[in-house]
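Working notes, structure below.
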Amino acid sequence: MSVECIKEGAEKFICKFDERMDTTKCMEAEKIITGELENITEIIFDLTGVEYIASSFLRLCGIVARKVDQDKFCITNVTPTVRRVFAISGLDKTLNLMQSKFKNK
Amino acid sequence: MTDIGRELRVIEVLQKAKHAAGIYSQLSQEETDKIVHAVYKAALNNRVKLAKSAVKETGYGNCKDKVIKNVIASQYVYEDIKLKKTVGIIEEDNDKGILKMAHPRGPILGIVSRYSPTSDAIFKILISLKTRNPIILIPDREAEESLKEVVKICYEAALKADAPDNCIQSFYNTSSDEFDSLVTKSELSLIIGAGEANTKNRSNIVAPVIGDGTSNVPCYIADTADISFTVKEIIYSKTFDNGVMQQSEQAVIINTQIKDKVLKEFKHNKTYFLDDKERTIFEELLLSNKKVGKYENITGKTPYEIGKLAGINVPKDTRLIMVELDGISKDHPLSSKILAPVLSFCFADDFYEALNYCMDINFLGNIGNTVSLFTNNNENVLKFASIIHAGRILINTPASVGAIGGWYNHLHPSFSYACGSSADGNTLSMDNVSIDHLLHIQTISRRRPNNRIMNFDFNIYNNESYDSDYIEKLFNLNY
């Protein structure tokens, strides 16, 4: 499974991803996440352990960012490799990347 | 399209390129090389189709030689770069404790030549992909369809090999405003193949520019040249792709001692010498259609076609038109760049006179590009090189295909020729542009103390009474 999504309360969604988010897994994740977007107002992408992201992952981030308010979408626990991808692509300035103290209960 | 629409187009293409750069930065050497291999194969497989479409669209050159150019751009470039490391550690010196690590630069803008629309594009794509840099290609207006074909073929191959989306993009119907906007964006890491017309007077370009000077290539035939060999090489060079190569010889300077033999040899090789009357007619033809310093009406045409345009009876099987110079200056059109199988010539009594003529011709173009010399006197070679300002000094080599590199010599095969500092501006290098120019090289340096400095008493420096001679003596004591 490319992504595991946990609902917290009625409108908050936490998504944990596979270590290697290639194009196929991204497309699968996109289907799952976009299917839920109508019902949520807050979403967290927890990238713990993710070491590779394909172009489609950036596209998925873009889709989610357009759907929810900026302060309601954050990306946490970004590995240095993936942080570098966001930095080179310029998306570290537009997306909400944070080191999270969030722990999955 | 509105101004806002145009600006959005620029922003969109750069945004996509930046995203691609981010994704590409993750790829290993193996993954990168897989992409490069796939693209090279696709380009080489389509070498004839692309050559035909380039000639059909632009009307410049000939198909046979454009196929060769596509081969050079794909196969020879690939062979040159395939084993090179461009990811991770590329150099290691344990004694000095230095590791060098290669990183991509970021999005690159490649401006594609109208005279080599497919080969130039293939070359730029391959070196960009090898170095994990997304590329944005801009064609000349006359060669947009050719570029579209190249981009389609290469991009499809790249994606099949798991390249990031938008690693290759292209920008068509570019207005002057869009171009101005694009080249001034800080998202670009490098501009290749800019050309004088594109970067002159654009002082707000942020990205470094490398290549591509226009040129006016002189060729000196010295008294020690092997005449028969020399003439054959020059004719081949100047007629390659109907003379559209910027690096082809524009004028030959012949040592007076051998002039009769040289001219006789040219005459034996299907050349047509214009007499005085024909020269005047031909000059008028050139001047009647001068556009941005280029003689568009004859560019890339055969000698027979040029003769027809001028009303001169040039035999159909003529390979090269020869015309004697009566001066070298902007007022003498025959001494300026003519991208056609037309070769001007003049005579020089000695080496220094020849050198002066070469400099005069070189200065008419954008200095720094290429100069050619046919000689067997090595001393002259070094004197020549020390005075002439050109990135490529080609010895006993046809200039057009020699400058490309990899075939007649061991220069990196390339379709972009950096020209260094010149009166028209500065470019990053004087080399044939290759993958080395597209990488950031990071240095990791371990502690390896320089004992000479470590053991030197720094208090000596603070003693004002010690002069530099004394300090130098102390510093070098026992070394």
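Summing Lys, Arg as +1 and Asp, Glu as -1, what charge do residues with Cβ under 13 Å from the Cβ of B:TYR76 carry, B:TYR76 excluded?
Summing Lys/Arg as +1 and Asp/Glu as -1 gives +1.
Name the shape class, rounded, prolate or oblate, that the alpha-carbon gyration tensor gives for chain A, where a ≥ b ≥ c are the square roots of its eigenvalues, rounded holds for a/c under 1.5, and otherwise prolate holds if a/b is larger than b/c and oblate otherwise.
Taking the square roots of the gyration eigenvalues as a ≥ b ≥ c, chain A is rounded.
How high is the relative contact order of the range B:271-421, in percent, counting Cα pairs under 8 Å that sit 6 or more residues apart?
It comes to 17 percent, rounded to a whole number.
Per residue of the range B:171-186, what does 6.51 cos²θ - 1.76 cosθ + 1.60 with θ = phi - 60° give for ³J(HN,Hα)? Whole Hz please, x for Gly and Pro, Karplus curve as stated.
10, 10, 6, 6, 7, 4, 5, 5, 4, 4, 5, 4, 6, 9, 7, 6
If Lys and Arg each add +1 and Asp and Glu each add -1, what is the summed charge of the other residues whose beta carbon sits under 13 Å from the beta carbon of B:HIS410?
-2
Can you tell me what share of the DSSP beta bridges in the range B:217-409 is antiparallel? A percent to the nearest 5 is fine.
5 percent
If you place +1 on the Cβ of every Lys and Arg and -1 on the Cβ of every Asp and Glu, how big does the dipole about the Cα centre of chain B come out, in debye to the nearest 20?
So the dipole magnitude of chain B works out to roughly 1520 debye.
Per residue of A:79-86, what is the mean number of Cβ atoms on other protein chains within 10 angstrom of that residue's Cβ?
Going residue by residue through A:79-86 and averaging, the value is 2.
Residue-wise, which Karplus ³J(HN,Hα) couplings in Hz belong to the range B:431-439, taking 6.51 cos²θ - 1.76 cosθ + 1.60, θ = phi - 60°, and x for glycine or proline?
Along the range B:431-439, the couplings run 7, 5, 5, 8, 5, 4, 7, 9, 10 Hz.
For B:TYR172, B:TYR408, what's the fewest-to-most ordering of other Cβ within 10 Å of each Cβ?
Arranged by neighbour count, lowest to highest, B:TYR172, B:TYR408 become B:TYR172, B:TYR408.
Summarise the partner chain shielding of B:9-22 as one whole number: the mean count of Cβ atoms from other chains within 10 Å of each residue's Cβ. Please report the intermediate quantities before stating the final value.
Values: counts 0, 0, 0, 0, 0, 1, 5, 3, 1, 5, 10, 4, 4, 13.
Average neighbour count from other chains, rounded to a whole number: 3.
Tell me which of B:SER335, B:CYS63, B:ILE205 sits at the most positive position along the dipole axis of the protein assembly as shown, charges placed on C-beta atoms (Lys, Arg +1; Asp, Glu -1).
Projecting each Cα onto the dipole axis, the largest value belongs to B:CYS63.
How do A:CYS61, B:CYS63 line up, fewest other C-beta atoms within 10 Å first?
B:CYS63, A:CYS61
With unit charges on the beta carbons (Lys and Arg positive, Asp and Glu negative) and the dipole taken about the Cα centre of the protein assembly as shown, which residue among B:PRO134, B:LEU474, B:SER414 sits farthest to the positive side?
Final value for the positive-end residue is B:PRO134.
With a 10 Å Cβ neighbour count serving as the proxy for reagent exposure, in which order, fewest first, do B:ASP120, B:ASP3 appear?
B:ASP3, B:ASP120
Run the numbers on chain B and let me know its relative contact order in percent, using alpha-carbon pairs under 8 Å that are six or more apart.
Dividing the mean separation by the residue count of chain B yields 18 percent.
With unit charges on the beta carbon (Lys/Arg positive, Asp/Glu negative), name the residue among B:PHE384, B:ASN451, B:ALA143 whose Cα is farthest towards the positive pole of the charge dipole of the protein assembly as shown.
B:ALA143
Please give me the summed charge of the neighbours of B:TYR357: other residues whose Cβ is under 12 Å from its Cβ, Lys and Arg +1, Asp and Glu -1.
Net of charged neighbours comes to -4.
Viscosity 0.692 mPa s, temperature 37 °C: what is the translational diffusion coefficient of the range B:217-409 from Stokes-Einstein with a Kirkwood Rh over Cα pairs, rounded to a whole number of µm²/s?
Stokes-Einstein gives a translational diffusion coefficient of 201 µm²/s.
Where a ≥ b ≥ c are the square roots of the eigenvalues of the C-alpha gyration tensor, would you call chain B rounded, which needs a/c under 1.5, or, failing that, prolate if a/b is larger than b/c, or oblate?
Oblate.
Using θ = phi - 60° and the Karplus relation 6.51 cos²θ - 1.76 cosθ + 1.60, list the HN-Hα couplings for the range B:316-329 in order, rounded to whole Hz, with x at every Gly or Pro.
4, 8, 5, 9, 8, 8, 10, 9, 7, 7, 10, x, 10, 5
Please state the shape class of the protein assembly as shown: rounded when a/c is under 1.5, otherwise prolate if a/b exceeds b/c and oblate if not, all from the C-alpha gyration tensor.
Cα axes put the protein assembly as shown in the oblate bin.
Would you please give the residues with an amide H less than 5 Å from that of A:TYR52, counting only those at least 5 places away or on a separate chain, with H modeled from the backbone geometry?
Those lying under 5 Å, H to H, from A:TYR52 are A:MET21.
Considering only DSSP beta bridges whose two residues both sit in chain B, what percent are antiparallel, to the nearest 5?
Roughly 30 percent of the beta bridges in chain B run antiparallel, per DSSP.
Counting DSSP beta bridges in the protein assembly as shown, what percent are antiparallel, to the nearest 5?
Taking every DSSP beta bridge with both residues in the protein assembly as shown, the antiparallel ones total about 30 percent.
Please tell me the relative contact order of the range B:89-162 in percent, rounded to the nearest whole number, where contacts are Cα pairs under 8 Å and at least six residues apart.
Values: 80 pairs, mean separation 21.2, N = 74.
Reported as a whole number, the value is 29 percent.
Looking at chain B, which longest stretch skips every one of the GluC sites (Glu not before Pro) that is in a DSSP loop with at most 15 other Cβ atoms within 10 Å, leaving the sites themselves out?
Details: sites that count: B:GLU296, B:GLU464.
The longest such stretch corresponds to B:1-295.
In debye to the nearest 20, how big a dipole does the range A:3-98 give about its Cα centre with +1 on each Lys and Arg Cβ and -1 on each Asp and Glu Cβ?
It comes to approximately 300 debye.
Bear in mind these aren't lab numbers, they're just calculated from the coordinates by the rules spelled out. In this text, all values refer to a predicted model and were calculated from it rather than measured experimentally. Every residue, glycine among them, receives a Cβ derived from its backbone with ideal geometry; neighbour counts consider all protein chains shown.
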